[in-house]
Amino acid sequence: MSDQPRRPRPRTTGKPYRRPQKDPVRILAFEALRAVDERDAYANLVLPPLLRKAREGGDFDGRDAALATELVYGTLRRQGTYDAVIAACVDRPLREVDPPVLDVLSLGAHQLLGTRIPTHAAVSASVELARVVLGDGRAKFVNAVLRKVAQHDLDTWLEQVAPPYDDDPEDHLAVVHSHPRWVVSALWDSLGGGRNGIEDLLEADNERPEVTLVARPGRSTVDELLREEAAVPGRWSPYAVRLTEGGEPGAVDAVREGRAGVQDEGSQLVALALAAAPLDGRDERWLDGCAGPGGKAALLAALAAERGALLLASEKQPHRAGLVARALDGNPGPYQVIAADGTRPPWRPGSFDRVLMDVPCTGLGALRRRPEARWRRRPEDLEGFAPLQRELLRSALESVRVGGVVGYATCSPHLAETRAVVADVLKQHPGAELIDARPLLPDVPALGDGPDVQLWPHMHGTDAMYLAILRRIA
C-alpha cells in the first residue's frame with residue numbers, strides 16, 4: 001500500500017449531472033425533420049411509417065401522433081418565418097448554425113410562436129430534446145436562443161423582422177407568410193394582382209388541408225364513405241368525401257381495399273372535366289399519358305367503364321407504373337397499364353378519343369400538402385420542366401384523333417407552366433383549338449375568364465390545379 005496520502009476529491013460545483021429525459025414525440029418530430037433535410041424526403045412519406053412504428057412500440061397514443069404531426073408540418077410550413085426570428089436571436093449567420101441544431105431551434109420556435117404550448121414547457125422540452133440528440137454543450141446554445149425567442153409573440157416578432165409592406169411588398173409577404181420571395185412573386189402574377197388575394201392564398205398554403213377521399217365508381221359509393229366518423233360530402237366533386245377531423249384514411253375499409261382512394265378534390269375535378277368534354281364521333285379509347293401514381297387514372301378508368309370505354313394508363317417510371325396498376329386493380333371495366341415515355345409513345349398517332357396529360361411540374365399548387373417543396377424549388381427548375389411539358393402536350397395532341405379532346409393539367413399555377421405552355425404549343429399546332437373548360441365544372445364558382453380553369457386553395461379548398469381543354473380539329 002502506498003505511503004502517499006490520497007488526493008482529496010475535487011469538490012463539485014453547480015448542479016449534479018442529470019440524465020436527459022427522452023420525449024418520444026419530439027424525438028420523432030426531430031427525426032422526421034432530419035430526414036426531410038438530409039435525404040430530400042417528403043414529410044407525408046416519412047411521417048406515417050415513423051408514427052406506425054411508434055404506435056406499435058407502445059410509445060404513442062392518438063394525442064401523441066397528433067402533436068408530432070403538428071410539430072413537423074407546422075415547423076416546415078413556417079420555416080421561413082422562424083428562420084427570420086432565429087436569425088435575429090443568434091450572433092452568427094444562420095447558414096453557420098449546424099442543421100440539426102437549427103431543426104431543434106425551429107421546433108422550439110414553432111412551439112413558442114405557433115402553438116398554445118406554455119412558454120416554459122416549450123423551452124424546457126426543446127432543451128431536453130437538444131440534450132438527447134445534440135449533447136449538453138449545444139443544448140445550452142438552444143436554451144439561450146429560445147429564451148430570446150420567447151421574449152415576444154409572433155406578431156411582435158413580425159413587426160421586427162419583416163420589412164414594411166410599403167417598402168418591399170414581396171419580401172414582407174415572404175417573411176410574414178413563410179414563402180420564398182420568388183414563389184410569392186409567381187403566385188401574385190398568376191392571381192393577377194391585389195393584396196387580399198395573395199395574402200389569402202399564402203395563408204391557405206399554411207393551413208392543414210383536410211383529408212379528401214374519392215369513391216371510385218362501380219367499386220364504392222359516397223354513401224358508404226359517409227358512414228365514416230366525421231365524414232362530410234365534398235364541395236364540388238360528386239365522388240368526394242372529406243374527413244373533417246383529420247381522420248385516418250388507412251382505417252377506412254374501402255381505402256384499404258382500393259375501392260376508394262385519397263385524392264384532392266381538384267385532382268378529381270380535372271378527371272371529371274376531361275370525361276365531360278364534348279367530342280365528335282366514337283368514345284371508346286381513353287389515355288392517361290402521365291398516370292403515376294394513379295389517382296386520376298383510377299377515376300378515369302371507372303368513368304370510362306361506365307361508357308364501355310377502355311383506359312390506357314401510361315407511366316414512364318416502372319415503379320410508379322406499379323402504383324398505377326395497384327390503384328386500378330379491380331376496376332369494373334377494361335384497362336391497361338404500361339411503362340412508357342409519353343414523349344416517345346409506343347401507340348400510333350390518333351389512337352385515342354380522350355387524352356389526359358397531367359405533366360410533371362414544380363408542384364407549387366400543392367404546398368399545403370408538401371410544405372417542404374417551397375424551400376426546395378428554385379426559379380431555374382422551371383427551365384428544366386418547360387421543354388418536357390411542351391413535348392408532352394404536343395405528344396398528347398398527336399395521340400388524339402381529329403374530333404377528340406386533350407386535357408392539359410398541372411399542379412402548379414405558375415404561368416410559365418400553364419398558359420405559356422398551352423399558348424406555345426397551339427402556335428406550333430394549328431390543328432388544335434382551346435375550348436371553354438368552365439362549363440365542364442358547372443357547380444364550381446370563381447373559375448376566372450376562361451377558357452382555361454385555375455383552381456385555388458383559398459377560393460375552392462383544393463390544390464391549385466390548372467386545366468386547359470383542347471380539341472383536335474385537323
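Shape of the stretch 363-474 from the C-alpha gyration tensor: oblate (a/c of 1.5 or more and a/b not above b/c, with a ≥ b ≥ c the square roots of its eigenvalues).
Between the alpha-carbon centres of the stretch 309-383 and the stretch 109-124 there is a gap of 42 Å.
Which of the three applies to the stretch 138-249, rounded, prolate or oblate, going by the alpha-carbon gyration tensor with a ≥ b ≥ c and a/c under 1.5 meaning rounded? Write down the numbers at each step before the final one.
On the way: a/c = 3.69, a/b = 1.70, b/c = 2.17.
In terms of gyration-tensor shape, oblate.
Against the empirical 2.2 N^0.38 Å (N residues), the stretch 258-385 has a Cα radius of gyration ratio of 1.10. Against the longest alpha carbon principal axis of the chain, how many degrees, from 0 to 90 and to the nearest 10, is the axis of helix 265-276 turned? The helix 265-276 is inclined about 10 degrees to the chain.
Counting 0.36 nm for each residue step from Ala230 to His429 and taking away their Cα separation leaves a gain of 66.8 nm.
Using only the C-alpha atoms, the convex hull of the stretch 32-134 corresponds to 111 Å³ per residue.
Against the criterion of solvent-accessible heavy-atom surface with a 1.4 angstrom probe, Ile469, Ile117 sort, most first, into Ile117, Ile469. Other residues with beta-carbon under 12 Å from the beta-carbon of Glu398 carry, at +1 per Lys or Arg and -1 per Asp or Glu, a net charge of +4.
Legend: Rg and Dmax of the stretch 243-296, from Cα coordinates, 14.7, 46 Å. The listed residues Tyr239, Tyr466, once ranked by accessible area (1.4 Å probe) with the largest placed first, stand as Tyr239, Tyr466.
Each of Glu38 and Asp341 was given a label point 7 Å from its Cα along the Cα-to-Cβ line. The distance between the two points is 3.5 nm. The mean sequence distance of close C-alpha pairs (under 8 Å, at least 6 residues apart), as a share of the length of the chain, puts its relative contact order at 12 percent.
By the gyration tensor of its Cα atoms, with a ≥ b ≥ c the square roots of the eigenvalues, what is the shape of the stretch 311-417: rounded for a/c under 1.5, prolate for a/b over b/c, or oblate? Oblate. As an equivalent ellipsoid, the stretch 202-299 spans semi-axes of 25, 17, 12 angstrom, where each value is the square root of five times an eigenvalue of the C-alpha gyration tensor, largest first.
Extension gain, Lys53-Ala87: 0.36 nm per intervening residue step, less the Cα-Cα distance, totals 8.8 nm.
Spatially close Lys pairs in the chain, defined by Cα atoms under 25 Å apart and a spacing of eight or more places or different chains, total 7. Of all DSSP beta bridges confined to the chain, the antiparallel ones make up roughly 55%. If R0 is taken as 22 Å, the Cβ-Cβ distance between Ser351 and Ile473 corresponds to a FRET efficiency of 0.80. Relative to one another, the C-alpha centroids of the stretch 431-474 and the stretch 42-80 are positioned 36 Å apart. What does the accessible area per residue of the chain come to in Å², with a 1.4 Å probe and no ligands, DNA or RNA counted? Per-residue accessible area for the chain comes out at 47 Å². What a 1.4 Å probe finds exposed on the stretch 345-474 is 54% carbon and sulfur by accessible area, rounded to a whole percent. Calculated mean residue ellipticity at 222 nm for the chain: -14000 deg cm²/dmol, from DSSP H runs with n ≥ 4 weighted as -39500 (n - 2.57), summed, divided by the residue count and rounded to 500. Judged by the mean number of other Cβ atoms found within 10 Å, the most tightly packed of the peptides 295-308, 43-56 leads the ranking 295-308, 43-56. With contacts taken as Cα pairs under 8 Å and at least 6 residues apart, the stretch 338-474 reaches a relative contact order of 29 percent. Evaluated at q = 0.12 Å⁻¹, the base-10 log of the normalised Debye intensity for the chain, with identical point scatterers placed on the Cα atoms, takes the values -1.08. When both the stretch 252-289 and the stretch 408-424 are represented by their alpha-carbon centers, they are found 21 Å apart.
The values are calculated or read from the model by the stated rules, or taken from the named source; none is laboratory data. Just so it is clear, the model here is predicted, and its values are computed rather than measured. Quick reminder, even Gly has a Cβ in these numbers, built from the backbone with ideal geometry, and neighbours come from all protein chains shown. Heavy atoms of the whole protein, side chains included, go into the accessibility calculation; ligands, DNA and RNA do not. Shrake-Rupley method; radii C 1.70, N 1.55, O 1.52, S 1.80 Å.
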